[in-house]
Amino acid sequence: MKPRPTLVWMLGSPARAIAFGLGSGLLRPAPGTWGTLAGWAAFAIFLAPLAPAWQLAACCGGFALGVWACDRCGRDLGVADHGGMVFDEVIAFWLVLILVPATWAAQGAAFLLFRAFDIAKPQPIRHFDARWKNGFGVMFDDLLAAGYTLLLFALWMRLTS
């Protein structure tokens with residue numbers, strides 16, 4: 001059984017606070033959905049006003065930070081990919097938001113697609129999720145879910161334009 005982290009436990013380490021999406025990963029049910037929503041809000045507030053190059057830089061920096069934080073947090077928990085570690089959803093969804101139209105409808109559809117791919121874990125997401133049990137693996141499988149989301153979104157845009 002996976003440990004049940006608390007707010008006090010999370011605040012005991014910067015890596016834990018980052019990995020748990022500043023607390024959004026503690027919310028139940030569906031912490032990954034809460035983490036994605038927190039990522040969406042953070043993007044709207046902090047990244048949306050920036051130029052695309054800065055947004056991509058934030059994603060790259062966030063990915064590196066997430067690899068470190070999720071690796072440390074996973075070791076603290078004794079669980080490589082605890083469900084409460086949601087920083088992977090935050091960063092992957094930032095990438096999606098950079099590349100889809102900046103409308104509520106487009107972003108809402110992208111949110112639903114991203115969550116569906118992240119939950120269902122179609123191949124090769126499932127392959128990497130099962131084998132890479134470290135911070136990089138935690139972050140990488142969500143990038144693949146973002147890639148599937150963007151691919152399907154691009155196909156839909158192509159077919160409807």
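Derivation of every value follows stated rules applied to the coordinates shown; laboratory data play no part. Bear in mind that the values here come from a model prediction, so they are computed numbers and not experimental data. FYI the Cβ positions are ideal-geometry reconstructions off the backbone, even for glycines, and counts take in every protein chain you see.
Pairing each residue of the range 117-132 that is more than 12 Å from residue 147 (Cα to Cα) and touching a residue at least 12 places away in the same chain (Cβ under 8 Å) with any residue that is in a loop (DSSP other than H, G, I, E, B) and not hydrophobic (A, V, I, L, M, F, W, C), provided the two are 6+ apart or on different chains, yields C-beta distances under 7 Å for 129/121. Of the numbered criteria (1) of a type in the set (Lys, Arg); (2) part of a loop (DSSP other than H, G, I, E, B); (3) closer than 23 Å to residue 47 by Cα, the one residue 115 fails is (2). Applying the criterion of being not hydrophobic (A, V, I, L, M, F, W, C) and not in a helix (DSSP H, G or I) to the residues of the range 78-88, the residue that is surrounded by the fewest Cβ atoms within 10 Å (Cβ to Cβ) is 78.
Filter the range 118-139 for residues that are surrounded by fewer than 19 Cβ atoms within 10 Å (Cβ to Cβ) and either in a helix (DSSP H, G or I) or aromatic (Phe, Trp, Tyr) (or both) and give the result. Scanning the range 118-139 gives 119, 120, 126, 127, 128, 130, 131, 132, 136. When the range 109-151 is filtered for residues that are out of contact with any helix residue (DSSP H, G or I) (no Cβ under 6 Å at 6 or more places or on another chain) and of a type in the set (A, V, I, L, M), the ones remaining, listed by number, are 109, 112, 116, 119, 120, 130, 151.
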